[in-house]
Amino acid sequence: MAYTELTTNDTQDFYYLFKYINDSATGGLFFPVILGMLWVIFFILSLSNGRQASRAWIFSSFVCVILSILLGIMGFLNPNYIYFLVILLAFGVVWSRFENAPD
């Protein structure tokens, strides 16, 4: 795979540098991978703080949804990844409802 070379316009500020990294260098997978790793980190940190697994799922999904919306507004993230994270959040809410339902 041939990479395009950096130009002066690609490095004039952080926006264009990250745009180059996300689009040209990694084929649009840089920020989805970053969000995936952040989701795992937040999930493990929430579990280590004593939260239920469903609550940890909701917390990590919510934080990543907020970050993904910001990245989507800036043009770094494909909306399909945002939809996927919203589905993960909805799954966590349903899981929590079933887990805390009265017998």
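Observations on the structure shown:
- Gyration tensor over the Cα atoms of the range 27-99: the corresponding equivalent ellipsoid has semi-axes (square roots of 5 times the eigenvalues, largest first) of 23, 13, 8 Å.
- By the beta-carbon count within 10 Å of each Cβ, the least crowded to most crowded order of ASP13, ASP23, ASP103, fewest first, is ASP103, ASP13, ASP23.
- Once the C-beta distance of MET37 and ASP103 is scaled by a Förster radius of 30 Å, the resulting FRET efficiency is 0.20 to the nearest 0.05.
- Arranged from fewest to most other beta-carbon atoms within 10 Å of their beta carbon, LEU47, LEU77 become LEU47, LEU77.
- For THR7 and ILE73, the difference between the fully extended length at 0.36 nm per residue and the C-alpha to C-alpha distance is 21.3 nm.
- Computed helical MRE - 222 nm, the chain, DSSP H runs ≥ 4 contributing -39500 (n - 2.57), nearest 500: -22500 deg cm²/dmol
- Shown for the chain are the DSSP H helices of 15 Å or more along their axis, judged by Cα atoms, with a mean Kyte-Doolittle hydropathy of at least 1.6: 30-48, 53-74.
- When Rg and the Kirkwood radius Rh are both evaluated on Cα atoms of the range 1-50, their ratio Rg/Rh stands at 1.22.
- Residue order, fewest to most surrounding Cβ atoms within 10 angstrom, among ILE66, ILE21: ILE66, ILE21
- In this calculation the C-beta distance from VAL86 to TYR15 is compared with R0 = 25 Å, giving a FRET efficiency of 0.50.
A short reminder: the numbers here are calculations on the coordinates, not readings from a lab. The structure displayed is predicted, hence computed values, not measured ones. Don't worry about glycine lacking a Cβ; one is built from the backbone with ideal geometry, like all the others, and counts go over all protein chains shown.
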